[in-house]
2 protein chains.
Amino acid sequence: MGSLVGVLLAATSGVALAPAAPARQSVSELLAGASPADWRPLDPNNTLYLELASGRVVIELAPQFAPLHVANIRTLAAAHYFDGLAIVRVQDNYVVQWADPDGRRPVPPTVTKVAAEFDSAIPAHLPFTPLPDGDVYAPRVGFSDGFPVALDTRHDRMWLLHCYGMVGVGRDDDAESSGTELYAVIGHAPRHLDRNVALVGRVVSGIEHLSSLPRGSDAMGFYAKSETPVPIRALELAADVPTAQRSDLEVLRTDSKLFEDVIEARRNRPEEWFRTKAGRIDVCNVPIPVRAHPSAPTAPAP
Amino acid sequence: MGSLVGVLLAATSGVALAPAAPARQSVSELLAGASPADWRPLDPNNTLYLELASGRVVIELAPQFAPLHVANIRTLAAAHYFDGLAIVRVQDNYVVQWADPDGRRPVPPTVTKVAAEFDSAIPAHLPFTPLPDGDVYAPRVGFSDGFPVALDTRHDRMWLLHCYGMVGVGRDDDAESSGTELYAVIGHAPRHLDRNVALVGRVVSGIEHLSSLPRGSDAMGFYAKSETPVPIRALELAADVPTAQRSDLEVLRTDSKLFEDVIEARRNRPEEWFRTKAGRIDVCNVPIPVRAHPSAPTAPAP
């Protein structure tokens, strides 16, 4: 494969350092030197498993940003509302959406439309790791508790960002929504959706099971009648899954010094391959590293 | 499907206008009112067809930005260099790459590594439609001849941008490259690659044949030995394909007033669904509309 390796190294790993450059480490080198305290486990009460034939999609929920919608989604998951429903829409460079294709599945009575959760007041002690390079859409961007976030301190508002892998709640022309239709971003960040939808979480593992699905051929990527919607085996809260069948994942703490170093290593790639160091980074290009817990058994997925 | 329609309308079509808003049109309404002069045909000498089992990927070449690499690619296509080779790498949220998996295919003797074409001097009469909202990575961004471009007028440099669908030339640690390894962007714009790779074109149709491919499970998305690389039936210049088998596509002129209106309709979506108008746009979120030539026969793809 010889000369193919170039772009690869550039993309994610890279080892060789430019001789004259200050000693800097690549992301993989930084992570190799992480301490256990740099990582946090996923909270089973804030973790969804979307089970497809091809594998499991792990979603971390963000109740701190959308408590009403996350409560609804927990109720829907506990009622097995999504089990046997389907992915109904795959629009290239945009979103994958899942819902009830026939509209016949009974919705638990406590799940009703709740108030819009497009943005919220900034709490007094928000963990926030800012980015230094500005943003096209928002006054200030960075990370909080593992999620990409914008802050508008002048108006005391914060909101989650539509980066790749973020999960939101489909809605009609009402601002309110319930959570019975969910979508994940599988393309260039559609940031115009920010503050128009309740974002409720982020895919931390298995996004490829969504992003590589066949695109729907109807308008806006909905599957046509001649196409088979992709069945959902189950959508469950991790806490409701036996411990042995959980995905024992850890996420790098975004309030750690190590995460700041990761950002720097991405703003200015130390790998020799890069002839022009960007010196800047877009919020949706910052990786949020995830790993299997070092002591986790490598159990086969259910 | 009732309530599913919300996000859809928001995404691409939308008809209802907010009553109090100034009369503004959505992108689809604008395009419905386009005149024939707003569109330009693809030049068969600057158009590549990448033929896969699932269909055709149409790539518009950009010789005005990378003349040496485009000349090599034309030679490779004429020699049928890529026919029977394979897609060897599919990395989620990043790139699809195609090349010679075995490294055994003879390269035409006139195709050698050429000088880096990462950026170039700004010509005297560059067609350029600027964007007004800034950019995280470059001093100024906009569109030229249908391609997303950055300008640095202080240093008299311009370069193409790694937006979704852009096609570039893989290289090793040398800055020079030949064009025997090509890739297309299938994720959030990896703008840190700007000015590190010769970008040579853009997928104008059929990107879904690349973006929905199974991801490779080896490092950096390369297909593992146990996985079958996706065969390339042919990579040909449109000019070398019989007229009846060509894809008769037209691209909206990016130096037209209509394209400026498209940008505005995307900066501030007129659709009622949007509660918060972004008022801004990232260069890689601007659509460059493509259509079948109105008089084109709907011939089956070869």
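The values are calculated or read from the model by the stated rules, or taken from the named source; none is laboratory data. Just so we're clear, the structure is a prediction, and the values are computed from it rather than from any experiment. Cβ sites come from the backbone with ideal geometry, for glycine too, and all protein chains shown count toward neighbours. Surface accessibility is based on the protein's heavy atoms, side chains included, excluding ligands, DNA and RNA. Shrake-Rupley method; radii C 1.70, N 1.55, O 1.52, S 1.80 Å.
Remarks
- Among all positions in segment B:245-262, there is no residue which is within 14 Å of chain A (Cβ to nearest Cβ), within 27 Å of B:Leu50 (Cβ to Cβ) and more than 21 Å from the chain's Cα centre (by Cα).
- Single condition A:Thr180 does not satisfy, out of (1) β-branched (Val, Ile, Thr); (2) more than 10 Å from chain B (Cβ to nearest Cβ); (3) under 28 Å from B:Arg275 (Cβ atoms): (2)
- Which numbered condition A:Ile207 misses (of (1) surrounded by fewer than 19 Cβ atoms within 10 Å (Cβ to Cβ); (2) of a type in the set (Val, Ile, Thr); (3) under 20 Å from B:His188 (Cα atoms)): (1)
- Failed criterion for A:Arg195 (all others in (1) facing chain B (nearest Cβ under 10 Å); (2) assigned to a loop (DSSP other than H, G, I, E, B); (3) within 27 Å of A:Arg105 (Cβ to Cβ); (4) open to solvent by 10 Å² or more (accessible area, probe 1.4 Å) hold): (3)
- Answer from B:Pro63, B:Pro101, B:Pro123 - the residue that is modelled with pLDDT under 95, touching a strand residue (DSSP E or B) at 6+ places or on another chain (Cβ under 9 Å) and not aliphatic (A, V, I, L, M): B:Pro101
- Search result, residues across segment B:179-188 that are touching a Leu at 6+ places or on another chain (Cβ under 7 Å) and more than 16 Å from B:Glu117 (Cα to Cα): B:Ala184, B:Ile186
- Of the residues screened, B:Val241 is one that is in contact with a strand residue (DSSP E or B) (Cβ under 8 Å, 6 or more places away or on another chain), hydrophobic (A, V, I, L, M, F, W, C) and over 30 Å from A:Asp194 (Cβ atoms).
- For segment A:198-212, the tally of residues that are within 11 Å of another protein chain (Cβ to nearest Cβ) and either among the acidic types (Asp, Glu) or closer than 16 Å to A:Ala99 by Cα (or both) stands at 2.
- Failed item in (1) open to solvent by 40 Å² or more (accessible area, probe 1.4 Å); (2) within 30 Å of A:Arg266 (Cα to Cα); (3) touching a helix residue (DSSP H, G or I) at 6+ places or on another chain (Cβ under 8 Å); (4) not small (Gly, Ala, Ser), with A:Phe128 passing the rest: (3)
- Just so you know, in segment A:153-175 the residues that are assigned to a loop (DSSP other than H, G, I, E, B) and away from chain B (no Cβ under 11 Å) include one that is farthest from A:Gln64 (Cα to Cα), and it is A:Arg154.
- When each of B:Val90, B:Val70 is tested for being touching a helix residue (DSSP H, G or I) at 6+ places or on another chain (Cβ under 6 Å) and open to solvent by less than 10 Å² (accessible area, probe 1.4 Å), the lone residue that passes is B:Val90.
- Hey, A:Asp100 more than 14 Å from every other protein chain (Cβ to nearest Cβ), more than 22 Å from B:Asp282 (Cβ to Cβ) and either of a type in the set (D, E, K, R) or open to solvent by less than 40 Å² (accessible area, probe 1.4 Å) (or both) or not: no
- Flag for B:Gly179 being on the phi > 0 side of the Ramachandran plot, part of a loop (DSSP other than H, G, I, E, B) and open to solvent by less than 10 Å² (accessible area, probe 1.4 Å): yes
- Set side by side, the residues B:Ala115, B:Ala150 differ, and just one is farther than 19 Å from B:Glu181 by Cα and within 13 Å of chain A (Cβ to nearest Cβ), which is B:Ala150.
- Within segment A:51-81, being assigned to a loop (DSSP other than H, G, I, E, B) and either among the acidic types (Asp, Glu) or within 12 Å of A:Glu236 (Cα to Cα) (or both) holds for A:Ala79, A:His80, A:Tyr81.
- Extreme residue, most open to solvent (accessible area, probe 1.4 Å), among residues of segment B:238-290 that are of a type in the set (A, V, I, L, M) and part of a helix (DSSP H, G or I): B:Ala244
- Of B:Asp145, B:Asp135, all but one fail to be over 22 Å from A:Cys284 (Cβ atoms), open to solvent by 10 Å² or more (accessible area, probe 1.4 Å) and under 20 Å from the mean Cα position of the chain (by Cα); the exception is B:Asp145.
- Condition met for B:Ala189 (crowded, with 22+ Cβ neighbours inside 10 Å, within 17 Å of the chain's Cα centre (by Cα), in contact (Cβ under 8 Å) with a residue 12 or more places away in the chain and part of a loop (DSSP other than H, G, I, E, B)): yes
- For the residues B:Ser26, B:Ser35, the requirement of being buried (at least 18 other Cβ atoms within 10 Å of the Cβ), of a type outside the set (A, V, I, L, M, F, W, C) and away from every other protein chain (no Cβ under 12 Å) singles out B:Ser26.
- Condition met for B:Leu235 (closer than 27 Å to B:Ala116 by Cα, open to solvent by less than 30 Å² (accessible area, probe 1.4 Å) and either within 14 Å of chain A (Cβ to nearest Cβ) or over 14 Å from the mean Cα position of the chain (by Cα) (or both)): yes
- Residue in segment A:213-232 that is nearest to the other protein chains (Cβ to nearest Cβ), counting only those that are open to solvent by 70 Å² or more (accessible area, probe 1.4 Å) and in a loop (DSSP other than H, G, I, E, B): A:Pro214
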